[in-house]
1. Within segment 1-46, how many residues turn out to be at pLDDT 90 or above, among the aliphatic types (A, V, I, L, M) and in contact with a helix residue (DSSP H, G or I) (Cβ under 8 Å, 6 or more places away or on another chain)?
2. Between residues in segment 1-13 that are surrounded by 13 or more Cβ atoms within 10 Å (Cβ to Cβ) and residues that are in a helix (DSSP H, G or I) and modelled with pLDDT of 90 or more, which pairs lie under 6 Å by C-beta distance while being six or more apart or on different chains?
3. Hey, could you check segment 28-67 for residues that are small (Gly, Ala, Ser) and within 20 Å of residue 13 (Cα to Cα) and say which is farthest from the chain's Cα centre (by Cα)?
4. Quick check on my filter: what residues within segment 4-62 are of a type in the set (Asp, Glu) and outside any helix (DSSP H, G or I)?
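The values are calculated or read from the model by the stated rules, or taken from the named source; none is laboratory data. Computed from a predicted model, the values in this text were never measured in an experiment. With ideal geometry, Cβ positions are generated from the backbone for all residues, glycine too; neighbour counts draw on all protein chains shown.
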Amino acid sequence: GLGATPLMEQYIVYNKVEEVLETKGIRVYKAYVGNYFTSLDMMGITLTMMKLDDELKECVNMSVNSVGLK
């Protein structure tokens, strides 16, 4: 979310995206839904996807301690 889009609406969009990807045989490994890149209460969402290999999956699963992710 960019700041002003309610979390419920973000999940509605995510569910539709996951549904479309599933029909194409693409499995979502991990999803982050929320306000991560805000812009002064701007409406809208961003979507970022990447293809993961085993090495990248290890990186995604590493623990972090930051303001945005725990």
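1. Final tally of qualifying residues: 3.
2. 1/10
3. Residues of segment 28-67 small (Gly, Ala, Ser): 31, 34, 39, 44, 63, 66.
After this cut, where a residue has to be within 20 Å of residue 13 (Cα to Cα) as well, the list is 31, 34, 39, 44.
Working: 31: 4, 34: 7, 39: 17, 44: 13 Å.
Ranking the candidates gives 39 first.
4. 41, 53, listed by residue number.
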